[in-house]
Amino acid sequence: MEFNIIPDKDALRKCVWCQKYISDEMEVFAFGAKLKPDIDLSEYESHCIQIGLVSKKKPVYMMVTAAGSEAKNEGKDGMFLACSEACGKKLKNILKKEIGLGKMFEPVW
Ligand SMILES: [Zn+2]
């Protein structure tokens with residue numbers, strides 16, 4: 001699988017859903033996702049990539065967790081950062097749909 005790597009300075013400061021810039025004062029809502037075992041993103045480790053969704057024509061950004069990191073040890077292969085609870089909820093709902101479609105993600109929650 002091939003993905004576009006988003007430059008860190010953009011990726012780490014943007015909401016994955018609405019792409020609004022997240023400032024240091026803002027509370028950030030982060031959650032993880034597990035990928036199917038046949039999806040290998042090791043070449044993108046600790047980078048942010050743009051992923052396509054099956055259920056929606058909207059690209060979202062995902063941080064690929066690095067081997068040995070806390071998130072990875074918890075079984076999370078990717079992390080999503082949202083600027084608000086509302087954005088986080090929307091993204092979670094989309095991911096649930098994606099899990100149902102069974103292309104890329106597996107449930108962790
Ligand atoms: Zn947002």
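Since every read-out is calculated from the coordinates, none of them should be taken as a lab result. None of these values were measured; they are calculated from a predicted model. A quick note on method: Cβ atoms are made from the backbone with ideal geometry, for glycine too, and the neighbour counts reach across all protein chains shown.
Figures for the structure shown
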{"item": "Leading residue by the ranking (surrounded by the fewest Cβ atoms within 10 Å (Cβ to Cβ)) among those in the stretch 65-88 that are more than 10 Å from the chain's Cα centre (by Cα) and closer than 14 Å to residue 20 by Cβ", "result": "85"}
{"item": "Elements of type helices (runs of 4 or more DSSP H) in the chain, at least 2 residues being small (Gly, Ala, Ser)", "result": "85-101"}
{"item": "The listed residue being farther than 21 Å from residue 102 by Cβ, free of Cβ contacts under 8 Å to residues at least 24 places away in the same chain, more than 16 Å from the ligand (Cβ to nearest atom) and among the small types (Gly, Ala, Ser), out of 42, 69", "result": "69"}
{"item": "Any pair with Cβ under 6 angstrom, 6 or more apart, that starts in the stretch 3-32 at a residue that is touching a residue at least 12 places away in the same chain (Cβ under 8 Å) and ends at one that is away from the ligand (no atom under 12 Å from the Cβ) and of a type in the set (Val, Ile, Thr)", "result": "3/49; 5/49"}
{"item": "Flag for residue 28 being β-branched (Val, Ile, Thr) and within 14 Å of the ligand (Cβ to nearest atom)", "result": "yes"}
{"item": "Matching residues in the stretch 48-66 - criterion: being in contact (Cβ under 8 Å) with a residue 12 or more places away in the chain, away from the ligand (no atom under 16 Å from the Cβ) and of a type in the set (D, E, K, R)", "result": "none"}
